[in-house]
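What follows is calculated from the coordinates using simple rules that are stated; it is not laboratory data. Since the model is a prediction, treat every value here as computed from it, not as a measurement. Positions of Cβ are generated from backbone atoms using ideal geometry, with glycine treated the same way; all protein chains shown enter the neighbour counts.
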């Protein structure tokens, strides 16, 4: 009898629409109901099934449910329905961790990942120096396939990252696929310090600048300091290395382009409604000869910079075809200021109108990395790196 009364209660609840408390215009009655617009009521009906399921669980599940956790998962599922690997939910823990990463420090094992939208695989693209990942033997080029009990794909990558970031001093089990073999590591988490820029001056006054990622809050200051220092040392040409750079903030890549381009279009975007957004550089650029190194893991903001410098014939692009991530995302905090979401909102194009998504940037000069050296970690400026050596020779040619 009680079960029937409860089901009847749900049916009444779902057909009234007058018992929900929310921010809306309308008259508030003394009995606690509100008057809402038809548009607001229709929107509530969209979530009728979700609330129906939640109420069944709250009343009948055999254990006390964690409703907050259920709602977190519901938000994740809502975004998962878009079937977009670049759209996902930041729960409270991961939102806080993301803020830490922007500062250049976080807890984890010390590697950088890039997910493929083609086969949904996740590849290790960088190993940070003096980190647990380096000590354990994780290599650049490894496919990350499992973290604890999570089978890793692009769709689960954020969850896997959350697990790897855990508590300092505790271990995490990580499995990779390398050369036809599955390898399992137990790695102890530690505090990770990241540097997104390194530079040096090579022989014959050739500057060499590595940009690992466009992400930390100090990026613009770090880039400016590096450029100013190399120019004081009298560099005559410059190599910018964007290999394995997965991207980051669009604004940072435009900031870099502004150093080398006088007033010009850097990138433009279009949303599904046809609205166009543009990012431009300003006057006052340096005219130093440029070589840009890219590879198949150069993505997103790296491709924005490469496409702009290529279209304006401002740099020689060398290496291999880039990744092909030609869409942009918003990262926004939600109303609780503890969680957030990332979602794709537009596609971007190079100044000449070339699409990047699924295509990438084709280098002006193709230079492949020998397969046997694909996972080698070179020191900064090491000329045994065949792609860097080719870029250096091109940088010398540009100043002769």
Next item on the list: Choose one answer from 288, 36, 150: the residue with the largest mean-square fluctuation in a GNM of the chain with alpha-carbon springs under 10 Å.
Entry: 36
Check: Once you put a point 7 Å from the Cα of residue 203 and another 7 Å from the Cα of residue 72, both along the Cβ direction, what distance in nm separates them?
Finding: 5.6 nm
Next item on the list: Rounded to the nearest 0.05, what FRET efficiency do residue 217 and residue 149 give with R0 = 30 Å and r taken as the Cβ-Cβ distance? Could you check?
Entry: 0.30
Notebook entry, point to check: Tell me, how many Å apart are the Cα centres for segment 30-83 and for segment 85-146?
Noted result: 33 Å
Notebook entry, point to check: So if we plug the beta-carbon distance of residue 42 and residue 64 into 1/(1 + (r/R0)^6) with R0 = 22 Å, what FRET efficiency do we get, rounded to 0.05?
Noted result: 0.10
Margin query: Taking a virtual spin label 7 Å from the Cα of residue 380 along the C-beta vector, which residues in segment 114-141 bring their backbone nitrogen under 16 Å of it?
Written below: 127-130
Check: What angle do you read, to the nearest 10 degrees and between 0 and 90, between the alpha-carbon axis of helix 92-102 and the longest principal axis of the chain?
Finding: 20 degrees
Check: So for the pair residue 233, residue 119, with labels modelled 7 Å out along Cα→Cβ, what separation do we get in nm?
Finding: 3.9 nm
Note to self: Could you tell me how far the Cα centroid of segment 317-359 sits from the Cα centroid of segment 289-303, in Å?
What the structure shows: 15 Å
Margin query: Restricting to DSSP H runs of at least four residues, report the calculated mean residue ellipticity at 222 nm for the chain, -39500 (n - 2.57) per run over all residues, nearest 500 deg cm²/dmol.
Written below: -9500 deg cm²/dmol
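For segment 105-192, how big is Rg over Rh, using alpha carbon atoms and the Kirkwood form of Rh?
Numbers: Rg = 11.7 Å, Rh = 12.7 Å.
Over the Cα atoms of segment 105-192, Rg/Rh equals 0.93.
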Check: Against the longest alpha carbon principal axis of the chain, how many degrees, from 0 to 90 and to the nearest 10, is the axis of helix 219-232 turned?
Finding: 10 degrees
Check: Helix 301-311 sits at what angle to the longest principal axis of the chain, using alpha carbons and giving 0 to 90 degrees rounded to 10?
Finding: 50 degrees
Next item on the list: Quickly work out the residue 393-to-residue 86 label distance, labels modelled 7 Å from Cα along the C-beta direction, and quote it in nm with one decimal.
Entry: 3.5 nm
Next item on the list: Within segment 62-95, which residues have the backbone N less than 15 Å from the label spot 7 Å out from residue 53 along Cα→beta-carbon, could you tell me?
Entry: 66-82
Checklist line | Whole-angstrom Cα spans of the chain along principal axes, big to small | finding: 90, 49, 32
Note to self: How large is log10 of I(q)/I(0) for segment 83-235 at q = 0.14, 0.15, 0.18 Å⁻¹ when the intensity is taken from the Debye formula with one equal scatterer per alpha-carbon?
What the structure shows: -0.76, -0.85, -1.10
Notebook entry, point to check: Of the residues 137, 180, 81, which exhibits the maximal mean-square fluctuation in a Gaussian network model of the chain defined by a 10 Å Cα contact cut-off?
Noted result: 180
